[in-house]
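Read through the structure below, which is laid out as structure tokens, and then see the notes.
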Amino acid sequence: MTEETRRTDPFTAFLAVSCLVLAALVVALVMQNRSLKSRLEHASAAEPSAPRFHQGDVVAPIDVVEDGGGTKTIRFGEGEKRTVLLVFSSECPACRETLPVWREILKTPPDPGVRIVGIQTDRLDPNPAKQGVPAAAYPFPVYGYKRPANDPLEKVPFIPAVVVVDPKGVVSTALFGVPSKDDQARLKDALAG
């Protein structure tokens, strides 16, 4: 029996070494998988897949709803004014954080060549509790918005958003999310004309 055990020892050793190599390969593959997942998350966070306004985009007219229920079309490129679109919601936490910043910036009246338009995405909610602050409470005109089939605001991937449109109807600045100090400075510059 000792002779038979000696004959199988090389095979047993081969199996043990093979198992160790396979275990090491599994550990290496798990580490590589984690690394690739991390890189993929960072890449997708840096470049969102949703369409968004970029400098140079042309903005289509936007149909909005006034407080009385009437509709109005906001057109771009037909006047001599720059338009600053402020898109927000009353329930969005980031919007609640941003609205006081916008109010503070708007304490300084904008240049006469600048038109400010607020679009509150939930203003038309049938539940009055969800309609937020009355439009008159804002230092700029605020309209409701029904998303049409060909939505001109589909390029606003998330709110709050500031889209500055030059007198020719072309986007010069697009800012999304809670404004940083740089974003605030860019908005002040846009309002200064």
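Every read-out reported here was derived from the displayed coordinates using simple, explicitly stated rules and does not represent laboratory data. In this text the structure is predicted, and so the values were computed from the model without any measurement. Neighbour counts run over all protein chains shown; Cβ positions are idealised from the backbone, glycine included.
The table that follows gives values for the structure above.
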| quantity | calculated |
| --- | --- |
| Protection proxy ranking, peptides 166-178, 103-115, average beta carbon neighbours within 10 Å, highest first | 166-178, 103-115 |
| Solitary cysteines of the chain, where the nearest other Cys Cβ is not under 4.7 Å | C19 |
| Rounded, prolate or oblate (a/c below 1.5 giving rounded, otherwise prolate when a/b exceeds b/c) for region 58-128 by Cα gyration tensor | oblate |
| Spherically averaged projected area of the chain from its Cα convex hull (nm²) | 18.9 |
| Unit charges on C-beta of K, R, D, E only; dipole of the chain, Debye | 220 |
| Listed residues E80, E91, E41, most fluctuating in the chain (Gaussian network, C-alpha, under 10 Å) | E41 |
| Farthest positive-ward along the chain dipole, Cα basis, beta-carbon charges - from V59, G77, C19 | G77 |
| Efficiency of FRET between V101 and S172 - r from beta-carbon atoms, R0 25 angstrom, step 0.05 | 0.80 |
| Alpha carbon centroid spacing (whole Å) that separates region 20-38 from region 141-175 | 46 |
